[in-house]
Amino acid sequence: MGISLFKANYGYELIILLTPQQAIKISKIAKERAETLINLYKNLYKIAKLVQKHIRKYYNFKKSKGLDLKEGDKV
């Protein structure tokens, strides 16, 4: 019993020929995964923008407006 070189090297059989039903099934799965990734990216982008907004607000609140010196104070 022979074994293909591809299976010997990589541990699984290479699928070369797909029936149209198999190709459609794989393309549906690929579309679903792509849509999932796009949705995850959009959510991550929204969260990053929200974090930036809060950091900006905090930084502006805590930003020093200069020293509180009055005329006659020793420096």
Lys pairs in the chain with Cα under 23 Å (8 or more apart in sequence, or on separate chains) total 15
Between the modelled labels at Asn60 and Leu40 (7 Å from Cα along Cα→Cβ) the distance in nm is 3.4
Exposed-loop cut sites defined as trypsin sites (Lys or Arg not before Pro) in DSSP loop states with at most 15 other Cβ within 10 angstrom; longest site-free run of the chain spans 1-62
For the chain, the Cα convex hull volume per residue in Å³ comes to 170
For the chain, longest principal axis from Cα atoms; helix 20-62 axis from its Cα atoms; angle between them, nearest 10 degrees, is 10
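Taken together, the values in this text are just the output of simple stated rules run on the coordinates, not laboratory data. These numbers come from a predicted model, not from an experiment. When we count neighbours, we look across all protein chains shown, and the Cβ atoms used for this are built from the backbone with ideal geometry, even at glycine.
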